[in-house]
Amino acid sequence: MKKLLDEMRDELRPDSQPAELKGFLSKLDARLKKLKVKAKAVAGGSIAKGTFLKNDYDIDIFVMFDSKHKDKDLSDLLEKALKPFKPIRLHGSRDYFHIKGKTSYEIVPVLKITKPEQAENITDCSPLHVKWVKKHLTPRLADDIRLAKRFCKAQLCYGAESYISGFSGHVIDILIIHYKGFIPLLRAASRWSKQEVIDPERAHKGRALFNLNKSKLGPLVVIDPLQPERNAAAALSEEKFNRFRQAAAAFLKRPDRHHFLPQEMMIKKTPTTIIFNAKPDSDKHDVAGAQLRTAFNHLISESGRLGFIIKQSIWSWDKKSSSFILEFKQQKLSDGLIIKGPKARLKYHGARFRKAHKSVFEKNGSLYAKEKREVRTIHQLENHLSKFGLNKVKIKKDPRKSLCVKDLVHSHIFKYY
């Protein structure tokens, strides 16, 4: 295991800071000065911490505004400064900006503060988080943060965006620092119970579950070291929590390089497989991802409503094109189906149920109806779903007999016992 991890550390460790960063910061500072805005652009996120992955990163930038601008709209001020760079404005607790190009930049306006209680917005603490991480960071821990990021990406549980609901970079930083390394984190994660609490500064002294607002709890509770009232892992879904726990146990049982590699699948279209190309109506990354996730879930839900059992579901997205792949357990359903209704003793609801269905019978005190299926085969289901009303996303049938899918966002095999 040691040899494997040392090799991965060497592969993931960047040689230097991105060469273009210094020039971009200088240009942005010059624009701010020209507009007489008292603010400074600094590197943020993994670039500032030195924990970014070699050849796999975007650049986060904080524009730190002086307190004299406290009562102004910082996003509007920043938008004027960024105008020559043609930014895309994204909505958040405070609007931020994305600049596409050979290197992608995410630029976040923050108020310059020296302690968390001065924050006007949750993003104002971001530069302080960078300082906290750097205070605890060693070269070895920086390497292990990269290992954890690569591991989470391969397991499809990296990213706090709503369409992923995984581990944010900030949460991974806290976990690696708290457990003092990648392998200690995996060992702990394989034994995590639901609502496991990680409190690196022991701010709650073991009473976090009692002290925090119930709406902030989730499958994992990671107390923010600077804002102890905040669960930094609030965006993590139970699915991604369980995926990480299982992946941690699997790696410890059989360490192998494939646990760090992006998943790639060769899908052969069978009589029980449906493949769709999907296109969101937004070119904003976060918005498009949320639209695609909603559409994907709607297709799964509608298939289940019609009686089809999903064996495997895959969502692949390379930020340009997206594929939805659904593999079903059965190719054809029975001619008819039985719909369970209300209890026979409930006269009002029973009358409505009888009115809605032609063939109704009673069994064990409940009403049931026999109906003929309109969608029985995979081919009929494919036609039905292709015309199914999906808000914001257009889908069309993919005629290919096989395709290689990578850049997976979701992959799930349903097991039957």
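Read the figures in this text as sums done on the coordinates, not as results from a lab. In this text, all values refer to a predicted model and were calculated from it rather than measured experimentally. All Cβ positions, even for glycine, are placed from backbone atoms using ideal geometry, and neighbour counts span all protein chains on display.
Panel order for THR103, THR138, by other beta carbons found within 10 Å of each beta carbon, from fewest to most: THR138, THR103. Counting only lysines at least 8 places from LYS72 when in the same chain, those with an alpha carbon closer than 21 Å to its own are LYS33, LYS34, LYS36, LYS38, LYS40, LYS80, LYS83, LYS112, LYS115. Qualifying GluC sites (Glu not before Pro) in the stretch 365-401, where qualification requires a DSSP coil assignment and no more than 15 other C-beta atoms within 10 Å, comprise GLU374. Residues in the stretch 264-281 near a label at LYS332, defined as backbone nitrogen under 18 Å from the 7 Å Cα→Cβ point? Once the point is set 7 Å along Cα→Cβ of LYS332, 270-274 turn out to lie under 18 Å by backbone N, inside the stretch 264-281. Sites listed here are GluC sites (Glu not before Pro) in the stretch 228-262 whose DSSP assignment is loop and whose Cβ has at most 15 other Cβ atoms within 10 Å: GLU229. Computed 3J(HN,Hα) for the stretch 402-409, one whole-Hz value per residue from the Karplus formula 6.51 cos²θ - 1.76 cosθ + 1.60 where θ = phi - 60°, is 7, 7, 9, 10, 9, 6, 5, 9, glycine and proline marked x.
Most exposed first by the Cβ proxy, i.e. fewest other Cβ within 10 Å, how do CYS152, CYS404 rank? Least to most surrounded, the residues fall as CYS404, CYS152. The GNM of the chain, with springs linking C-alpha atoms under 10 angstrom apart, assigns the highest mean-square fluctuation among GLY218, GLY92, GLY166 to GLY92. Across the stretch 99-108, coupling constants 3J(HN,Hα) worked out from phi with the 6.51/-1.76/1.60 Karplus curve, θ = phi - 60°, read 10, 8, x, 4, 10, 8, 10, 10, 10, 10 Hz, and Gly and Pro carry x. Classify the stretch 313-417 from the C-alpha gyration tensor, please: rounded if a/c falls under 1.5, else prolate or oblate depending on whether a/b exceeds b/c. Since a/c reaches 1.5 and a/b is larger than b/c, the shape of the stretch 313-417 is classed as prolate. Amide H contacts for LEU220 (H built 1.01 Å from N in the peptide plane; partners 5 or more residues away or on another chain; cut-off under 5 Å): GLN195. Centre-to-centre, using Cα atoms only, the stretch 44-59 and the stretch 134-152 are separated by 11 Å. Scalar couplings 3J(HN,Hα) for the stretch 342-356, obtained by applying the Karplus form with A = 6.51, B = -1.76, C = 1.60 to θ = phi - 60°, are x, 5, 4, 6, 7, 4, 5, 5, x, 5, 5, 5, 5, 5, 7 Hz; x denotes Gly and Pro.
Applying a DSSP loop filter and a limit of 14 other Cβ atoms within 10 Å to the GluC sites (Glu not before Pro) in the stretch 1-90 leaves GLU20. Translational diffusion of the stretch 52-99 was estimated from the Stokes-Einstein equation, with Rh taken as the Kirkwood radius over Cα pairs; at 25 °C and 0.890 mPa s the coefficient is 199 µm²/s.
Taking a ≥ b ≥ c as the square roots of the Cα gyration tensor eigenvalues, the stretch 137-262 comes out prolate, since a/c reaches at least 1.5 and a/b is larger than b/c. You can think of it this way: the chain between SER321 and ILE339 has 2.6 nm of extra reach, that is 0.36 nm per residue less the Cα-Cα gap.
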